[in-house]
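Below is one structure; the comments refer to it alone.
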Amino acid sequence: MQYVLDKLNNDLRLITVELPNLESATVTVWVGVGSRFEDDKTAGLSHFLEHMVFKGSKIRPTAAKIAEAVDAIGGEFNASTSKEWTNFYIKARTGVIETAFDVLSDMVLNPILDPKEIEKEKGVITEEISMYEDTPMAKIDDVFENLIFGKTTIGRDVIGTKETVRGIRKDDFLRYRKSHYGSNNIVVTVSGGIKKEDVSKLAEKYFSPLETKKKENIKKFASLQKEPKVLLKTKENEQAHLIMGFLGAERGHKARFTEAVLSSILGGGMSSRLFSEVREKRGLAYAVRSDSEHYTETGYFGTYVGVDLKRIDEAIKVILDEHYKLADKSKSVSKKELTKAKEYIKGHLALSLEDTKSVNAFFGIRELMLGSLETPKDVIEEIDKVNLDDIYALAQKFFKPDRLNLAIIGPYKDQEHFKSILK
């Protein structure tokens, strides 16, 4: 899978991936700004703006008009917000790709931001906040990041709070867009059954009005952690939800391919160590998974488990033990296990890239956040290079008590009890 990276006259970057056998294509606009760029009073503004883009634009002044335009081409559209980026996309058949460009550029570049719609949407978002509070499996990620990153912009929930959302005004959106929605902070990705020449013309036509902006620097996170930390959110549930994780490394770090293999060995599938030990052998949980998260200057390696309330202590000990085993060369990873972990990653990468939205994410996030690109072939080659010594070295670096964090949502009251288990 090959890509072409171009830069328009206004410094907007355009990535095109031709997939000739497809009848559809996805156009995605990536903006290099998210919740960690907000101040305390406007927490949740990035996510709120994501909502408002769908509420009316210069050419299509209502949410209904925008929805009708997308429905009229049989397309689908959506958006998402993270702590460091926001994206908006339309997926449609290739014969109507210009309409996708037209609608998407109008939404992103010319939102009306009607004060009446802003007030109505506050109710929608506060209900969304309530939904997450009532969904521990989703909320536990926020609780864990509240713990590991503390009272910093990166530790704050992307969605904000009900109080901050209710306080946001139109002027806040305007200032925010003026600061961050510059052409030099945007990447447009298009993949599917399209031609690069056609895409370039459409990008020039619909995105050339954008101007460059001076990029704002974010306050870097620096960990002061010296011992294991626990954050307990007491809530009456029939199951406890937890993430145990270790402070990791930044986005694009040199050992990221080793990290992916390490994650696969631990909790990357139904034959992974944690799935086998926690679910199959002991029956402690239904859902078990390991993964890593990365930001500009930091990251973490975490394992999620939804566990039997009465057996949470056992689950914590087992999960911790499995992590520490990987840092112990005497409890070796077999070559067969290493090969399986690599093939798991390569296989899932290949499957994900059958979706043009995922293709756009593969290339778009790399260019937006790192300013460099690699192909799926490059990734596979790097995964194949990972050896057992790499695995041990990274596990020994990451899996230490002074990097250890545990977040729990469940009907418990004694946080110190869980801290004593980690010690």
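Values in this text are rule-based calculations from the coordinates and carry no lab data. Remember, it's a predicted structure, so these values are computed and weren't measured experimentally. Glycine gets a Cβ as well: all are built from the backbone with ideal geometry, and neighbour counts include every protein chain shown.
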Q. Which loop trypsin sites (Lys or Arg not before Pro) in segment 310-382, with loop taken from DSSP, have no more than 15 other Cβ atoms within 10 angstrom of their Cβ?
A. Lys329, Lys331
Q: Step through the residues of segment 300-306 one at a time and calculate ³J(HN,Hα) from phi using the Karplus curve (6.51 cos²θ - 1.76 cosθ + 1.60, θ = phi - 60°), rounding each to whole Hz and writing x for Gly and Pro.
A: 7, 10, x, 10, 9, 9, x
Q.
For a 29 Å ceiling on Cα separation, which of these pairs sit above it: Lys91/Lys205; Lys219/Lys400; Lys139/Lys336; Lys178/Lys201?
A. Lys139/Lys336
Q.
Rounded to two decimal places and with Rh computed the Kirkwood way over Cα pairs, what is Rg over Rh for the chain?
A. 0.98
Q. Helix 376-385 versus the longest principal axis of the chain: what angle, 0 to 90°, nearest 10, using Cα atoms?
A. 20 degrees
Q.
Restricting to DSSP loop positions (anything but H, G, I, E, B) with no more than 15 other Cβ atoms inside 10 Å of their own Cβ, which GluC sites (Glu not before Pro) remain in segment 335-405?
A. Glu354, Glu374
Q. Cα centroid distance between segment 152-193 and segment 214-293, in Å?
A. 26 Å
Q | In segment 133-224, GluC sites (Glu not before Pro) in a DSSP loop with at most 14 other beta-carbon atoms within 10 Å | A | Glu211, Glu216
**Q.** In degrees, nearest ten, helix 170-180 long axis to first principal axis of the chain (Cα)
**A.** 80 degrees
Q.
Tell me the angle of helix 256-267 to the major Cα principal axis of the chain, expressed in degrees between 0 and 90 and rounded to the nearest ten.
A. 60 degrees
